[in-house]
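Colleague: Before I ask anything, here is the structure I am working with.
Every read-out reported here was derived from the displayed coordinates using simple, explicitly stated rules and does not represent laboratory data. Just so it is clear, the structure is predicted and the values come from calculations on it, not from any experiment. All Cβ positions, glycine included, derive from the backbone under ideal geometry; neighbour counts span all protein chains shown.
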Amino acid sequence: MRPLLQTRSLKCGYLNRAVVQGVNLKVHQGEVVCLLGPNGAGKTTTLLTIAGELTPVDGIVMFGNTPTFTPMYQRIRRGGIGLVTEERLVFTKLSTRDNLRVGGGSVEAALELFPELEPRLGVRGGMLSGGEQQMLALARALSRQPSILLADELSLGLAPIIVDRLLGAVRKVADTTGTGALIVEQHARKALAVSDRMYLMARGQILLELPAADALGRLDEIEETYLTGTSETEEDHIERLRRKNKRKAWRRLRVRERELKRLSGKLASTRTAAEDDFYFERERQRRHAAMVRRKR
């Protein structure tokens, strides 16, 4: 059976710098797959790249065995993708009913999933509780009957009973409509209880793939080995690269200032002519390489 979603050697990150390396994952019809890992492992970056918000550094994302390069809004509007981010995509000044209509789905289908929202249809989104807002975001995504659901941290900051309600709705839709789901979740045990398979990510790489039942049996070992602590976050990665590039720029600037002083007679060079030729040639090669990259 062809998977609904597949990534091949996916590399993704920020500022054209990969923080996630060589990710290969699949989601089939009617299957719930959870992506687990410590904080900063690259799970959200992977999900946003699949959704189309981030452009892959390398590799491809395939929906229905077809590579896709479209932006996120096209994948959601025409590609059959349902997206729920950890920010709870709710329009705070619109009513619950209007929030559901904005998504282009069916209000009746949303209420069938979450009857709790019916008394709150006339209430503004900003006046809903955190659990109700997350129900609203998930109901809006699922009421459009997407072929695949991408959900990031549904349980973030919510009570366990609400988490069970949300994850149960994902499982129900997968079983009844054949929607595939890829969920990033911090509550490993709850996520595995409703999932078919699990991918474990750490430091930007998929380290383990297991059926959910097997992962539940080894959960204590997995948590102790992989899920405790944090990895380097995407922000840390970007800041480290920024500082490295800044140091390189300052070194190049100091070399240029020294050469200007030497050539103007204000500084006597202590280098030999052969050393001068070496550094001048290396600078010429660097400038040529930069010019070639700009032309590309």
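Colleague: Rounded to the nearest 500 deg cm²/dmol, what is the calculated helix-only ellipticity per residue at 222 nm for the chain, with -39500 (n - 2.57) per DSSP H run of length n ≥ 4? All intermediate terms of the calculation are to be shown ahead of the outcome.
Modeller: Details: 11 runs with 130 residues, N = 296.
One gets -13500 deg cm²/dmol as the mean residue ellipticity at 222 nm.
Colleague: Additional query: Based on the inverse mean of 1/r over its pairs of different Cα atoms, what is the Kirkwood hydrodynamic radius of the range 1-59, in Å? Don't jump to the answer; show the numbers that get you there.
Modeller: Values: mean 1/r = 0.0837 Å⁻¹.
Evaluated over the range 1-59, this radius sits at 11.9 Å.
Colleague: Could you give the C-alpha radius of gyration of the range 1-144 expressed as a fraction of 2.2 N^0.38 Å, taking N as the number of residues it contains? Could the numbers behind the result be given before it?
Modeller: Values: Rg = 16.7 Å, N = 144, 2.2 N^0.38 = 14.5 Å.
For the range 1-144, the normalised Cα radius of gyration is 1.15.
Colleague: Past 32 Å, Cα to Cα: identify those pairs from Lys11/Lys295; Lys26/Lys244; Lys26/Lys246; Lys248/Lys295; Lys93/Lys244; Lys43/Lys295, in the order given. List each step's numbers first, then the result.
Modeller: Numbers: Lys11/Lys295 24 Å; Lys26/Lys244 36 Å; Lys26/Lys246 39 Å; Lys248/Lys295 22 Å; Lys93/Lys244 44 Å; Lys43/Lys295 34 Å.
In this structure, Lys26/Lys244; Lys26/Lys246; Lys93/Lys244; Lys43/Lys295 lie more than 32 Å apart at Cα.
Colleague: May I pose another question? What distance in nm lies between label points placed 7 Å from Cα along the C-beta direction at Leu260 and Arg8?
Modeller: The modelled label-to-label distance comes out at 5.1 nm.
Colleague: For the chain, build the convex hull from the C-alpha positions and give me its volume per residue in Å³.
Modeller: Numbers: hull volume 54.9 nm³, N = 296.
Taking only Cα atoms, the chain has a hull volume of 186 Å³ per residue.
Colleague: Provide Rg over Rh for the range 145-190; use the alpha carbon set for both Rg and the Kirkwood Rh (inverse mean inverse pair distance).
Modeller: 0.96
Colleague: Could I ask something else about it? Take each complete run of DSSP H in the chain, measure how far its Cα atoms stretch along the helix's own axis, and keep only those covering 24 Å or more with mean Kyte-Doolittle hydropathy at least -0.5; list them.
Modeller: 160-177
Colleague: Could I ask something else about it? For a footprinting-style exposure proxy, rank His288, His28 by other Cβ within 10 Å, fewest first. Write out the running numbers ahead of the final one.
Modeller: On the way: His288 10, His28 17.
With the fewest neighbours first, His288, His28 line up as His288, His28.
Colleague: So what's the net charge close to Asp152: Lys and Arg +1, Asp and Glu -1, counting the other residues with Cβ under 10 Å from its Cβ?
Modeller: Numbers: positive: Lys43; negative: Glu86, Glu87, Glu153, Glu185.
Result for the neighbourhood of Asp152: -3.
Colleague: Can you tell me which of Arg258, Arg282, Arg78 moves the most in a GNM of the chain? Springs connect C-alpha atoms under 10 Å apart.
Modeller: Comparing Arg258, Arg282, Arg78 in a Gaussian network model of the chain, the most mobile one is Arg282.
Colleague: Once the range 70-124 is represented by equal point scatterers at the alpha-carbon sites, with solvent omitted, what log10 I(q)/I(0) does the Debye formula produce at q = 0.15, 0.20, 0.27, 0.29 Å⁻¹?
Modeller: -0.48, -0.82, -1.19, -1.24
Colleague: Multiply the residue gap between Arg243 and His288 by 0.36 nm, knock off their C-alpha separation, and tell me the result in nm, one decimal place.
Modeller: On the way: separation 45, 0.36 × 45 = 16.20 nm, distance 2.39 nm.
This chain segment gains 13.8 nm when fully extended.
Colleague: Can you tell me the order of 87-94, 178-185, 47-54 when each peptide is scored by its average per-residue count of other Cβ atoms within 10 angstrom, highest first? Let's see the in-between values first.
Modeller: Numbers: 87-94: 15.1, 178-185: 23.4, 47-54: 21.1.
Top to bottom by mean Cβ count within 10 Å: 178-185, 47-54, 87-94.
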